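Chemist: First, the structure itself, so that you have it in front of you.
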Amino acid sequence: MDSPILNSAQMREAEEAAFARGIKVEALMDEAGAGVARAVRKFFPRPGTCFVYAGKGHNGGDALLAAEHLKRAGWKIDIHLAFPENECSELTRKKLQALRAAPENPPATEGRGSPDIILDGLLGLGANRLLREPIRTAAREINRLRHTHNAFVFAVDLPTGLDADSGEVDPEDCVIADFTIAIGFAKHGLIADLALDFVGRIEVVPLADLAPDVTSPKELAATAHSLSPLLPRRKFSAYKNQFGRIGIVAGSKGFVGAALMTTSGALRAGAGLVEVFVPEEIYPIVASAAPVEAMVKPLRSYRKLLEEKIDIWALGPGLGKSHATEILDLIKSSEQPMVVDADGLNVLADKIDILKHCRGPRLLTPHPGEMERLFEVGKMSRAGVAGNFCEQFSVTLLFKGSRTIVAERGRPLSFNTTGNPGMATGGMGDILTGVCAGLLGQRLSIYEAARLGAWICGRAAEMSIFSSGASEESLLATDVLDHLGNAFNELRNPNL
């Protein structure tokens, strides 16, 4: 099921419709609080200390209920109420009492490596982004703890001080969240460009009883629950030819690694067969270093690639521009789906109108610098750039960045929710290109392969950091490669 991105009015309408069907506020709160706790433990399975900051409304109740779940899992809880207890809503007071009464089971254990996290439950949907006391002081304290304790901030539904619709923030004290746990659905303000450094990683907690009246959404959040149906389990009768013959056209002198990582990405994403076409001058190096599962072939002329029996092409990483004319002809003339990245995009930038005459479907995967070479960006938002580009050219666009966007004419803009700043390093795009090609070989549409590929690579990067000891500084593209299997497994079982 798709996960549409809603504005605050649509979210309130969905809640009111649920209440009209007899759904209780407390039932939604219980589901939300459990989901927030589950999200915390997804990234921090080892118990530590949770500082919970609660306002007087239901957003505070969600946070307190999440803290109760964490306490029962062994976390130490430090409660901070922004208002006197008697000013809190009845339901929030009830969740506060339950938190205080909950046993620590098992007892919280502290020691080296125990994390500090903060739950921001100060303000929810509809609150003014311009903060007033005592909320301003509490928000300032959250940001101070984040800095002094290296604590990770989990905003419940919205970071305090951020407008749910526009993404505008309080100019002085908006909470800086590392994770925003959107309740039910992501809100439009969370994906605004100016909100990115306040929102962090978005995790959506689905609520079964909320069904918004949105038949043709313009924007989607790419989440595990919405993408999971795209990846059915394979039949026992499956064989390799059903999962695509992928042709990798990559690498040049000094850029052998790009070809190798693209190849590995395609293999790890489930491609049936992978053939790597490289210039003769680097063939011995690539042939000796490539995964043994791939077939490496020396190449004299890129024009002859049109004669190859390939189902899906992945073109561009480390390719260079010395054979630009032949590469452009391949991009234009091949009837097979093609993922175009890196130097493939740089070659295209000089002859961009070729995209209007391609004989097969194309997925372009630019980072912001490559996008500026392809298209006049001006002062448009990233979403505006993606949408306008696809209106002009009939291609699918995977616009890489801290909030990757997938766009295609006639389809909703899809905003990826996974990933972290550690991915801002060389090689990540090469692996993504290979992963998308591998997924295309399994008969996904280009749009869905792009959405799924971005989510998988981002989640693999997160697992490298939160489960395997990497840091934002030390993260390598090969770390992501090593965790692709874990990310695929989680996607198939998003409720675990």
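The values are calculated or read from the model by the stated rules, or taken from the named source; none is laboratory data. These figures come from a predicted structure and were not determined experimentally. Glycine also receives a Cβ, built like all others from the backbone with ideal geometry; neighbour counts cover every protein chain displayed. Just so you know, the surface numbers come from the protein's heavy atoms only, side chains and all, with ligands and any DNA or RNA stripped out. Shrake-Rupley method; radii C 1.70, N 1.55, O 1.52, S 1.80 Å.
Chemist: Scanning segment 176-193 for residues that are open to solvent by less than 10 Å² (accessible area, probe 1.4 Å) and assigned to a loop (DSSP other than H, G, I, E, B), which turns out nearest to A383 (Cα to Cα)?
Modeler: Out of the qualifying residues, it is A186.
Chemist: Same structure, new question: Condition test on S216, is it open to solvent by 50 Å² or more (accessible area, probe 1.4 Å), assigned to a loop (DSSP other than H, G, I, E, B) and not basic (K, R)?
Modeler: For S216, the condition - open to solvent by 50 Å² or more (accessible area, probe 1.4 Å), assigned to a loop (DSSP other than H, G, I, E, B) and not basic (K, R) - is met.
Chemist: So, restricting to helices (runs of 4 or more DSSP H) that lie completely within segment 247-366, which ones have at least 3 residues that are in contact with a Phe, Trp or Tyr (Cβ under 8 Å, 6 or more places away or on another chain) and either within 27 Å of C457 (Cα to Cα) or at pLDDT 95 or above (or both)?
Modeler: 324-333
Chemist: Filter segment 228-244 down to the residues that are closer than 13 Å to R443 by Cβ and touching a strand residue (DSSP E or B) at 6+ places or on another chain (Cβ under 9 Å), then identify the one that is least open to solvent (accessible area, probe 1.4 Å).
Modeler: So, considering only residues that are closer than 13 Å to R443 by Cβ and touching a strand residue (DSSP E or B) at 6+ places or on another chain (Cβ under 9 Å), the one least open to solvent (accessible area, probe 1.4 Å) is G244.
Chemist: Failed condition for V385, given (1) without any contact (Cβ under 8 Å) to a residue 24 or more places away in the chain; (2) open to solvent by 30 Å² or more (accessible area, probe 1.4 Å); (3) β-branched (V, I, T), with all others met?
Modeler: All conditions pass for V385, except number (2).
Chemist: Which condition breaks for E391 when tested against (1) acidic (D, E); (2) farther than 24 Å from R362 by Cβ; (3) without any contact (Cβ under 8 Å) to a residue 24 or more places away in the chain?
Modeler: (2)
Chemist: Now for a separate question. Kindly provide the set of residues from segment 34-52 that are outside any helix (DSSP H, G or I) and open to solvent by 10 Å² or more (accessible area, probe 1.4 Å), ordered by number.
Modeler: Within segment 34-52, F44, P45, R46, P47, T49, F51 meet the criteria.
Chemist: Restrict the check to segment 455-465 and report whether at least one residue is outside any helix (DSSP H, G or I) and free of Cβ contacts under 8 Å to residues at least 40 places away in the same chain.
Modeler: No, because not a single residue in segment 455-465 is outside any helix (DSSP H, G or I) and free of Cβ contacts under 8 Å to residues at least 40 places away in the same chain.
Chemist: Against the condition buried (at least 16 other Cβ atoms within 10 Å of the Cβ), over 30 Å from A460 (Cα atoms) and free of Cβ contacts under 8 Å to residues at least 60 places away in the same chain, how does L131 come out, does it pass?
Modeler: Judged against the criteria, L131 is a match.
Chemist: Something else about it: Pull out all pairs, ordered by first then second residue, where Cβ-Cβ is under 6 Å, the residues are six or more apart or on different chains, the first lies in segment 58-84 and is more than 20 Å from A27 (Cβ to Cβ) and in a helix (DSSP H, G or I), and the second is open to solvent by less than 10 Å² (accessible area, probe 1.4 Å) and small (G, A, S).
Modeler: L70/A37; K71/A102
Chemist: Right, another one. Only one of these conditions is not met by G124: (1) modelled with pLDDT of 90 or more; (2) of a type outside the set (A, V, I, L, M, F, W, C); (3) farther than 28 Å from E16 by Cβ; (4) not in a helix (DSSP H, G or I). Which number is it?
Modeler: In the conditions (1) modelled with pLDDT of 90 or more; (2) of a type outside the set (A, V, I, L, M, F, W, C); (3) farther than 28 Å from E16 by Cβ; (4) not in a helix (DSSP H, G or I), G124 misses (3) alone.
Chemist: Restricting segment 289-306 to residues that are farther than 25 Å from G453 by Cβ and basic (K, R), which is surrounded by the most Cβ atoms within 10 Å (Cβ to Cβ)?
Modeler: R303
Chemist: Let me ask something else about it. Could you tell me whether any residue of segment 146-167 is in a helix (DSSP H, G or I) and crowded, with 24+ Cβ neighbours inside 10 Å?
Modeler: No, that holds for no residue.
Chemist: Applying the selection to segment 13-25, what residues are open to solvent by 50 Å² or more (accessible area, probe 1.4 Å) and either part of a loop (DSSP other than H, G, I, E, B) or of a type outside the set (A, V, I, L, M) (or both)?
Modeler: Residues satisfying the conditions are E13, E15, E16, F19, R21, K24.
Chemist: Could you look through segment 369-378, keep only residues that are in a helix (DSSP H, G or I) and in contact with a Phe, Trp or Tyr (Cβ under 8 Å, 6 or more places away or on another chain), and pick out the one that is farthest from W455 (Cα to Cα)?
Modeler: L374
Chemist: Scan segment 255-288 for residues that are within 24 Å of S322 (Cα to Cα), free of Cβ contacts under 8 Å to residues at least 60 places away in the same chain and open to solvent by 10 Å² or more (accessible area, probe 1.4 Å) and report the count.
Modeler: Final tally of qualifying residues: 8.
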